[in-house]
Each structure stands twice: as structure tokens, then as C-alpha cells.
Amino acid sequence: SGTGDRATGMLKSGCTVFALDISQNKLLSAVKKLKNHHYIPAVGSGYNMPFKDKTFDAVTCAFGIRNMHETPKAVSEIFRVLRYGGWIFILEFSMPKIKIIREFYRIYLKYYVPFVAGILSCKSAYRYLGDSIEAFHSRDNFCNILQNTGFKDCQIKDLTLGAVTLYWAVK
């Protein structure tokens, strides 16, 4: 869930959002922002969600699955909490497919972002960002993880010249 920013659209459309994050402080920040909405926070891990089997119609994760190094385990846990016919939506940073764009993006991640972050905040956190993006599964590999877990019809859509990828599939 993080600080709840990405839940806003779902809440505006009338959804009830059950938010999970390992950081209680991030959830508290979200609760303050979203106090008049159907936003229900829970502290917990993506590897062991505190929800019953087949609870949700959809599960979303934005810019977080790459930080779950045991990706198949996290995807299996998402599969467990989804109802049959439920959807998984994953938005994640990725490396662009077009070589020239990928090389400029790599330089941007390795040098520019940590340099600016070092001036404004914590350089090491932003160095980790670039490393984690490069180390994350390829698009096809991530779809294979979804399918090996039991998801069907994995779809991929590249956004922002391939620097972000949206994945979705159905249980």
C-alpha cells in the first residue's frame, strides 16, 4: 500500500480497498489521507497475507513486487487470496526493450538519479532502485511465474517507453 496514493482512484470509483504494507508508518500516513474512504489497512508481509483464502476480486501491486525477492512465493500468496475469476494487476519498473533507450535509462539510473538523490536525500536508496530494476525478472519470465502459479492469460503493456510495465492475469 505504501502511503495510499495509488488507492485514491480505486476509492473514487467506489471500491473498498484493503491495504497491506509491512510498514505501519506508511499505513498510518495513508489512513490520515484517506480517513473518509473505505480504506482498511493491515500491517503484514506479501509472503504471508493476513487474509482468508479466496477473499478478493482483484489484487494490485505498484512498484513493490520487485522488492519481494522470493517473487514466486509472493505471487502464490496473491493467488491464494484471490477468488476464482479474480484479477492480478502488477505495475513495475522495467528495463526498456529498445537498446538505445535502455542504455540511456541505465546511465540515468546508475549515475544521474543517485547523484541528485545524494544532494537531496539518501544516495544509497536510489542506487538500490537502479540495481533492483535491472535485477528484476524479464517480462516473459515474470509472466511465466504468474502462469506457473495458476494464473491464466497473462498480458503485458509497456508504458513510458518501457521503463514501466503493467502485467495482468486472471485466476
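Under a Cβ-Cβ cut-off of 13 Å, what is the net charge of the residues other than GLU92 that fall near it, where Lys and Arg count +1 and Asp and Glu count -1?
+2
List the Cys residues of the chain that have no partner Cys with a C-beta closer than 4.7 Å.
CYS15, CYS61, CYS122
Quick one: dipole size for segment 50-90, taken about the Cα centre, charges +1 on Lys/Arg Cβ and -1 on Asp/Glu Cβ, in debye to the nearest 20.
Computed about the Cα centre, the dipole is about 60 debye.
What Kirkwood radius, in Å to one decimal, follows from the Cα pairs of segment 35-171?
One decimal place: 16.3 Å for the Kirkwood radius.
Contour minus end-to-end for THR160 and TYR112, with contour as 0.36 nm per residue of separation and end-to-end as the Cα-Cα distance?
Stretched out fully, the THR160 to TYR112 stretch lengthens by 15.5 nm.
Taking only C-alpha pairs under 8 Å that are 6+ residues apart, what is the relative contact order of segment 41-108 in percent?
With pairs under 8 Å counted, the relative contact order is 37 percent.
Return the FRET efficiency for the residue pair ASP53, ILE101: r is the Cβ-Cβ distance, R0 is 35 Å, and the value is rounded to the nearest 0.05.
0.25
Could you sort out which of LYS54/LYS152; LYS33/LYS54; LYS54/LYS171; LYS97/LYS157; LYS26/LYS110 sit more than 18 Å apart by Cα distance in this structure?
Beyond 18 Å between Cα atoms: LYS33/LYS54; LYS26/LYS110.
Pull up the cross-link candidates among the aspartates and glutamates for LYS52, meaning alpha carbon to alpha carbon under 19 Å and not fewer than 8 places away within one chain.
Leaving aside aspartates and glutamates fewer than 8 places away in the same chain, those within reach of LYS52 are ASP21, GLU77.
In segment 1-105, with Lys and Arg counted as +1 and Asp and Glu as -1 at Cβ, which of these residues, GLY4, ASN36, ALA74, has the Cα nearest the positive end of the dipole, that is, farthest along it?
ASN36
I'd like the FRET efficiency for ILE119 and PHE63, computed as 1/(1 + (r/R0)^6) with the beta carbon distance as r and R0 of 25 Å, rounded to 0.05.
After rounding, the FRET efficiency stands at 0.65.
Within the set of other residues whose C-beta is less than 15 Å from the C-beta of ALA62, count the net charge using Lys and Arg as +1 and Asp and Glu as -1.
+1
Check every DSSP H run in the chain and write down those whose alpha carbon atoms cover 15 angstrom or more along the long axis and whose mean Kyte-Doolittle hydropathy is -1.0 or greater.
Helix filter hits for the chain: 71-81, 123-135, 139-149.
None of the figures in this text is laboratory data; all of them are computed from the coordinates on show. Only a predicted model underlies this, so the values are computations on that prediction, with no experimental measurement involved. Please note: Cβ atoms are built from the backbone with ideal geometry, for glycine as well, and neighbour counts cover all protein chains shown.
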